[in-house]
Amino acid sequence: MNEPQLQLPAARGLSLNNIALAVESLDEMVTWYVTVLGFEAIERGRLDAVGADYATLSGAGFRLELVSLPGAPRHPADHTKPPGHPATLGWQAIVLRSENLGEAMAVLRTHDVGIVWAESQLSTTLISTVIRDPEGNFINIFGVPESA
């Protein structure tokens, strides 16, 4: 027999504040995101409740919080290379969009960025470049094929 289910209210009025990424080298990662992807460093500080240092960056339409716990033992993330990466549960990548992916790729190559794949055709209307930041985290950049 099916019992009527109580309808609980959804949490409404939420908006994205930032995405947090735990990193080993806060200074190196701040420099990379500012220099390579054009983010702006807007705040640095310490999260006393967890003993972590942080830097908040702004760019690409969102804020990225880099967090580092100095001296703590590291538990590396699983950076399974695409296309097998969705088999690992959890956040997969920061996904950005570029109006001109070819131009963005040219700039990324000047920075000697780790490229997983470049301008790969995902569908008739979408191409993708996947890169890694210095600690191996994926950044997927979508673009539109020139013929679309």
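Relative contact order for the chain: what percent, with Cα pairs under 8 Å and sequence separation of 6 or more?
On the way: 216 pairs, mean separation 26.5, N = 148.
Reported relative contact order: 18 percent.
Using the Karplus relation 6.51 cos²θ - 1.76 cosθ + 1.60 with θ = phi - 60°, the per-residue 3J(HN,Hα) values for the stretch 63-70 come to 10, 10, 9, 9, 10, 9, 10, x Hz, with x marking Gly and Pro. Distances between placed amide hydrogens fall under 5 Å for R44 paired with T56, all partners being 5 or more residues away or on another chain. Taking a quarter of the surface of the Cα convex hull of the stretch 15-71 gives a mean projected area of 4.0 nm². Whole-Hz Karplus values for the stretch 35-52 come out as 6, 8, 9, x, 5, 10, 6, 10, 6, 9, x, 10, 9, 4, 4, 10, x, 10 Hz, taken residue by residue from phi with 6.51 cos²θ - 1.76 cosθ + 1.60 and θ = phi - 60°; glycine and proline positions read x. Mean separation of Cα pairs under 8 Å and 6+ residues apart, divided by the residue count of the stretch 15-71: what relative contact order is that in percent? Relative contact order here is 41 percent. When the Gaussian network model of the chain links Cα atoms closer than 10 Å, the mean-square fluctuations of V50, V34, V130 top out at V50.
How about the stretch 33-128: which trypsin sites (Lys or Arg not before Pro) there are in a DSSP loop, with at most 13 other Cβ atoms within 10 Å of their Cβ? Present the calculation step by step, with values, prior to reporting the outcome.
Details: sites: R44, R46, R63, R74, R97, R109; in loops: R74.
Passing sites in the stretch 33-128 are R74.
Amide H contacts for G114 (H built 1.01 Å from N in the peptide plane; partners 5 or more residues away or on another chain; cut-off under 5 Å): R132. Here the stretch 82-148 has an Rg and Dmax of 12.0, 35 Å, counting Cα atoms alone.
Annotation note: GluC sites (Glu not before Pro) in the stretch 1-108 located in DSSP loop regions with a Cβ neighbour count of at most 12 within 10 Å are E99.
When DSSP beta bridges are restricted to pairs lying wholly in the chain, around 75% turn out antiparallel. Within the P(r) computed for the chain, what percentage of the Cα pairs occupies the region above 19 Å? So the pairs more than 19 Å apart make up 61 percent of the total in the chain.
Using a cut-off of 10 Å between beta-carbons, work out the net charge of the residues near P76 (Lys and Arg +1, Asp and Glu -1, P76 not included).
Spelling it out: positives minus negatives among the neighbours equals -2.
Quick note: the coordinates plus some simple rules give every number you see, no bench work behind them. The shown structure was predicted, so the numbers you read here are calculated from the model rather than taken from an experiment. Cβ sites come from the backbone with ideal geometry, for glycine too, and all protein chains shown count toward neighbours.
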